[in-house]
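Novice: I have a structure I would like to understand better, so I am pasting it below and will then ask my questions one at a time.
Read-outs: derived from the displayed coordinates by stated rules, not from any lab. These numbers come from a predicted model, not from an experiment. Here the Cβ positions follow ideal geometry from the backbone for every residue, glycine too, while neighbour counts run over all protein chains shown.
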Amino acid sequence: MKDDMTSTLAAPPAPAAQARPAMRRNAHVGTLLLAALLLTAPAWLPYVGGYDDIASRVLIYALAAMGLNLLLGFTGGLSFGHAAYFGLGAYGVGLMLKYVTHNVPLALLCGTLLGGLVATVLAPIAVRRKGIYFAMITIAIGQLFYFIAIRWQAMTGGYDGLTGFSRHAMHLLPGVTWTLGSTGFYYLVLLCFALGAVVLWVVLHSPLGHTFVAIRENQKRLTFLGVRVQRYAAISFAISGFIVALAGGLNALLDNFTSPNSLNYTLSGDLVVIAVLGGMRNFWGPFVGAAIFVLVRDYASNVTNNWMSVIGLIFILSVLFFPLGIMGFLQRKKVEK
Amino acid sequence: MSLLELQSVSRRFGALQALSEISLTVQQGELRAVIGPNGAGKTTLFNLISGFFPPSGGSIRFDGKPITKVNPASLVQQGIIRTFQITEIFLSLSVLENLRIAAEVAMGVSHRPWMTRALRTRIDERVQELMHVVGIGSKADRIAGELSHGDQRVVEIGIALSRSPKLLLLDEPTAGMGDEETQNMTALIRRLNKEQGITTLFVEHDMEIVFGIADRITVLDNGTMLAEGNAHEIANNPAVQAAYLGQAA
């Protein structure tokens, strides 16, 4: 220890530092592999009993859970109200397509802005509370929009949900049209997913992202460094709101329908379960969680009405045996080797 | 020149008078120890100076400006940085990541939503410099929570230094450390004071350390100021001997 204080002054970082670039390279290889798999999904999915729409659903839930996870896993804010922004994105897209425009990208943009801006406005209120009180206030705010959607029947269709809109083909250039059948739509979802993932990745590797993680780790320390912690927590909340709203908009397009359930706190809970199941300290954790959640729901619901029990069982086992989630578990295994 | 000036500062918590009528002046460049038995009000004094809560009465001036009711974040901007009795660092991050956050805050870039190569270089330079000053470079990639208590303290001081403090408040910097760690910490405190000229106020229980390195010593007892002076004066002060040293001897 005595030696450390003096003799290490000029010493370059120890061998541990050399492990880092290698790990980073592995991560890049993994990301490229994932990109290749996703890009070719429509070609290989039928052979494993899958289909395009379920791949779209996985990506949409993954995008929503990754967006939520910026707040949950990386900033340390447990929100049980993010369905509100998902649902606002969904209704925003549905209403635009039904009443205003047949332009799908424009509708998606409007839905994302609607959900994201509402999150931006509400974030400073929510982050004034910590821990369980923060979770409670996010539920309360979220449920507000659920009840608005139910009551404002003329506009939203009430309990029956919003119908009467569809995925019109996108005319990119004269003569160039992107049709949104199952496969065409899958690639639109993949594009949005990639966009969201890049935004999240860039933010998490920036000083802003470092600040978010510092909030999760020790708010007191950060306050006494002179950081206005609430302001940064609100920024994280807002960014996650935009991403979740984009996912919600895509979900409405996938179903050509949206219901008040897309605003309800049970969906908020699903997103939290997805993030925790996959590993909320890991960038791709929520993606893995979403794949498991959507696939299990799809296959189990063919067999039993009680598909929630299957998800519940998997969740309990995961929390018991992999408290850091599946990706967290795999990561630790690699480190131990 | 006086850097910090307290005038008849008091603080009460309900019926408890934690501090009453404390007046003290700390000169620029001074290394000042605050000692006193448990419950004497040492940490309360730190909390008042660092803006954790305002005094019930009296006034505080720092660098010529009144700071009596200024919030902690603004005080940090003005150069008052503290460490805590219980080490406050980012436990599940590496040493490097701990200091990187501190450096980014100090450089005023915390809000940047993307990293550029130039920015990364500037941040890395600052981080290396901080690791160099406190001497924790060899443990850059270790997770802070897995370090020894002494090393965690060193990280905390590195974080504090990132803000280029004019006044460093160290609350029991050697608490819970072994002999060797204590010696190293003491050497670090002294080095920062002498080489970097950082005015330092520290709470300490170990009399050997206090008498060894402090320029002046303030003795608190029961929320009041019992004495102030250099090591020689304090050691020979009858009131101090009665109230404090007497118990130890």
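Novice: Please arrange A:LEU95, A:LEU172, A:LEU246 by how many other C-beta atoms lie within 10 Å of their C-beta, fewest to most.
Specialist: Arranged by neighbour count, lowest to highest, A:LEU95, A:LEU172, A:LEU246 become A:LEU172, A:LEU95, A:LEU246.
Novice: For chain B, take the longest principal axis of its alpha carbons; what is the angle in degrees between that and the long axis of helix B:149-162, to the nearest 10 within 0 to 90?
Specialist: 80 degrees
Novice: With +1 on each Lys and Arg Cβ and -1 on each Asp and Glu Cβ, how big is the dipole of chain A about its Cα centre, in debye rounded to the nearest 20?
Specialist: Around 1000 debye, computed over chain A.
Novice: Using the number of other C-beta atoms within 10 angstrom as an exposure proxy, rank A:ARG221, B:ARG191, A:ARG216 with the fewest first.
Specialist: Exposure proxy ranking, most exposed first: B:ARG191, A:ARG216, A:ARG221.
Novice: Over region B:1-138, what is the relative contact order in percent, taking alpha-carbon pairs closer than 8 angstrom and at least six residues apart?
Specialist: 18 percent
Novice: Further question: Report, as a whole number in µm² per second, the diffusion coefficient that Stokes-Einstein gives for region A:235-321 at 20 °C and 1.002 mPa s using the Kirkwood radius over alpha carbon pairs.
Specialist: 152 µm²/s
Novice: On a 0 to 90° scale, report how tilted helix A:207-217 is relative to the longest principal axis of chain A, with both axes built from alpha carbons and the result rounded to the nearest 10.
Specialist: Relative to chain A, helix A:207-217 is tipped by roughly 80 degrees.
Novice: Here is a follow-up. To make sure I understand, if each residue's beta carbon is the centre and we count other beta carbons within 10 Å, what order do A:PHE80, A:PHE315, A:PHE224 fall in, fewest to most?
Specialist: Ranking A:PHE80, A:PHE315, A:PHE224 by Cβ neighbours within 10 Å, fewest first, gives A:PHE315, A:PHE80, A:PHE224.
Novice: Separate question: Write down the Kirkwood hydrodynamic radius of region A:33-80, to one decimal in angstroms, obtained as one divided by the mean of 1/r over all alpha carbon pairs.
Specialist: When all Cα pairs of region A:33-80 are included, the Kirkwood radius is 12.3 Å.
Novice: Using only helices, what value at 222 nm comes out for chain A when you add -39,500 (n - 2.57) per DSSP H run of length 4 or more and divide by the total residues, to the nearest 500 deg cm²/dmol?
Specialist: Computed mean residue ellipticity for chain A: -23500 deg cm²/dmol.
Novice: Mind jotting down the three principal axis lengths of region B:48-105 based on Cα atoms? Whole angstrom, largest first.
Specialist: 42, 22, 13
Novice: Now for a different question. Over the Cα atoms of region A:190-337, how large are the radius of gyration and the largest Cα-Cα distance (Dmax), in Å?
Specialist: Cα only, region A:190-337: 17.4, 56 Å (Rg, Dmax).
Novice: Additional query: Looking at the calculated P(r) for region B:88-128, what percent of the C-alpha pair distances fall above 14 Å?
Specialist: In whole percent, the long-distance tail amounts to 46.
Novice: Hey, which aspartates and glutamates would be in cross-link range of B:LYS194, C-alpha to C-alpha under 16 Å, not counting anything within fewer than 8 residues on its own chain?
Specialist: Output for B:LYS194: B:GLU30, B:ASP215.
Novice: Tell me, what is the percent relative contact order of region A:226-293, built from C-alpha pairs under 8 Å that lie six or more residues apart?
Specialist: Reported relative contact order: 15 percent.
Novice: I would also like to ask the following. Work out, in µm²/s and without decimals, the Stokes-Einstein translational diffusion coefficient of chain B at 10 °C, 1.306 mPa s, Rh from Kirkwood over C-alpha pairs.
Specialist: Result for D is 84 µm²/s.
Novice: May I ask you to compute the full-extension gain from B:GLU195 to B:ARG122, defined as 0.36 nm times their residue separation minus their alpha-carbon distance, rounded to one decimal in nm?
Specialist: 23.9 nm
Novice: Something else about it: What do you get for Rg/Rh over region B:165-249 if you use C-alpha atoms and the Kirkwood form of Rh?
Specialist: Taking Rh as the inverse mean 1/r over Cα pairs, Rg/Rh reads 0.97.
Novice: Could you compute how fast chain A diffuses translationally, taking Rh as the Kirkwood radius over C-alpha pairs and applying Stokes-Einstein at 10 °C with viscosity 1.306 mPa s? Give it in µm² per second.
Specialist: After rounding, the answer is 75 µm²/s.
Novice: Right, here's the next one. Let me have the relative contact order for chain B, percent, based on Cα pairs under 8 Å that are six or more residues apart.
Specialist: About 27 percent, as a whole number.
Novice: Placing unit charges on C-beta atoms (Lys and Arg positive, Asp and Glu negative, everything else neutral), compute the dipole magnitude of chain B about its Cα centre in debye, rounded to 20.
Specialist: So the magnitude is around 1000 debye.
Novice: Continuing with this model, one more query. Any chance you could give the angle, 0 to 90 degrees and rounded to 10, that helix A:16-39 forms with the longest Cα principal axis of chain A?
Specialist: The two axes meet at around 10 degrees.
Novice: Out of residues 5 or more away from B:ALA18 or on other chains, whose amide H comes under 5 Å of its own, with H placed 1.01 Å from N in the peptide plane?
Specialist: B:ARG11, B:ARG12, B:PHE13
Novice: Continuing with the same structure: Any number yet on Rg/Rh for region A:99-190, C-alpha, Kirkwood?
Specialist: Computed over Cα atoms, the ratio is 1.10.
Novice: A further question on this structure: Compute the semi-axes of the equivalent ellipsoid of the protein assembly as shown, taking the square root of 5 times each eigenvalue of the Cα gyration tensor, and list them largest first in whole Å.
Specialist: That gives 55, 26, 20 Å for the three semi-axes.
Novice: Describe numerically, in nm with one decimal, the distance between label points set 7 Å from Cα along Cα→Cβ at B:GLN17 and at A:LEU191.
Specialist: 7.5 nm
Novice: Mind checking which aspartates and glutamates have their C-alpha under 15 Å from B:LYS139, skipping anything on the same chain fewer than 8 residues away?
Specialist: Cross-link targets: A:ASP3, A:ASP4, B:GLU97, B:GLU129, B:ASP151, B:GLU156.
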